[in-house]
1. If packing is taken as the mean number of other Cβ atoms within 10 Å per residue, what is the order of 20-26, 42-48, highest first?
2. For a protection proxy built on the mean count of beta-carbon atoms within 10 angstrom, sort 104-111, 2-9, 79-86, 141-148 highest first, please.
3. Quickly estimate the mean residue ellipticity at 222 nm for the chain, helices only: each DSSP H run with n ≥ 4 gives -39500 (n - 2.57), and the total goes over all residues, rounded to 500.
4. For region 134-211, divide the Cα radius of gyration by the Kirkwood radius and give the resulting Rg/Rh value with two decimals.
5. Leaving out ligands, DNA and RNA, what percent of the accessible area of the chain is carbon and sulfur, probe 1.4 Å?
6. Tabulate in residue order the Karplus-calculated ³J(HN,Hα) for region 204-218, using 6.51 cos²θ - 1.76 cosθ + 1.60 with θ = phi - 60°, rounded to whole Hz; enter x for Gly and Pro.
7. How large is the accessible surface per residue of the chain, computed with a 1.4 Å probe and reported in Å² as a whole number?
8. Hey, could you pull the Cα Rg and Dmax for region 3-204, both in Å?
Amino acid sequence: MTDAERYTYDVQGYLLLEDVISPSQLAAVDAIYDRRLADAETQRTVDGSGGHVMLEDILNEESEALGSLVAHPCVLPYVDEMIECPRLKSTWASFMWPNGGVGFHSNHTPSSTCNHYHFNSRIRHNLFQVFIAVRDIPPDGGALQLLPGSHKANYGLPEHAAIANMLVTIPMKAGSVLIFSHDLHHGSMNLTDTMRRVLIFTYCPGVIANSFGGDGLYDELHAAAPENSWEKYLLRRPNGYMEMYPYPGGRSYSEG
Ligand SMILES: O=C(O)CCC(=O)C(=O)O
């Protein structure tokens with residue numbers, strides 16, 4: 001990360017990275033959305049999910065197309081620098097139909113000490129979101145709305161009307177990636193007549209357990225990944241502060 005990126009990320013809680021996913025990789029990811037549309041429709045009906053469905057654990061289900069995104073070279077430096085002993089936690093394919101949306105939320109409270117973005121000589125995350133635009137996202141097409149700086153607010157969130165004029169909307173080009181702290185207050189709404197296609201990877205510190213699938217969620221992919229690779233490290237099991245696989249970054253973590 002550059003100093004300017006560190007400063008910007010720390011102050012606003014997000015960064016937009018342009019031209020990250022190559023056209024061929026993007027085409028392979030986009031094809032997943034065509035192939036899995038019927039599954040998303042079924043989930044939508046079963047859940048009564050309204051206009052938004054997230055196919056959970058999409059990495060295991062579509063590992064051929066998505067495997068190279070686990071340690072993408074344009075995203076990895078941010079994951080490595082801003083998360084303590086990072087690990088991949090969750091992956092989703094998000095389908096957002098017209099009039100679908102995600103209500104505003106975040107992990108942040110001013111008082112929870114275990115569940116927050118913080119700074120301790122360097123930026124630290126609990127949940128770090130990698131939000132990948134599979135197709136262009138216009139401002140009214142489900143673009144994420146963020147409240148910059150809210151990841152480290154010291155007061156409780158007031159009612160939405162009081163902060164609505166502080167929100168920023170982040171339209172994205174296909175292949176760009178928005179990285180943000182899940183402590184940042186955020187939500188979205190698709191007011192166009194086109195489905196939004198977004199892929200979400202969540203990274204966390206190695207101490208945090210999976211919320212889906214148990215500790216062995218990525219065991220097969222971990223076993224198949226090359227020795228000493230970042231893929232293998234990021235796909236290891238959680239186990240407190242006892243590392244399950246050597247850190248591949250070429251320095252001990254504590255050296256910073
Ligand atoms: O899909 C969206 O618009 C919201 C995503 C979200 O809430 C998240 O990544 O935590």
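The values are calculated or read from the model by the stated rules, or taken from the named source; none is laboratory data. Computed from a prediction, not measured in an experiment: that's the story for all the values here. Here Cβ is always computed from backbone atoms with ideal geometry, including for glycine, and neighbour counts include all displayed protein chains. Heads up: the accessible areas ignore ligands, DNA and RNA and are worked out on the full protein's heavy atoms, side chains in. Shrake-Rupley method; radii C 1.70, N 1.55, O 1.52, S 1.80 Å.
1. Result, highest mean first: 20-26, 42-48.
2. Ranking the peptides 104-111, 2-9, 79-86, 141-148 by packing returns 141-148, 79-86, 104-111, 2-9.
3. Value at 222 nm, helices only, nearest 500: -6500 deg cm²/dmol.
4. Across region 134-211, the Cα-based Rg/Rh ratio is 1.01.
5. The nonpolar share, carbon plus sulfur, comes to 54 percent.
6. 8, x, x, 6, 8, 7, 6, 8, 9, x, x, 4, x, 3, 10
7. Here the per-residue accessible area is 45 Å².
8. Answer for region 3-204, Rg first and Dmax second: 16.4, 47 Å.
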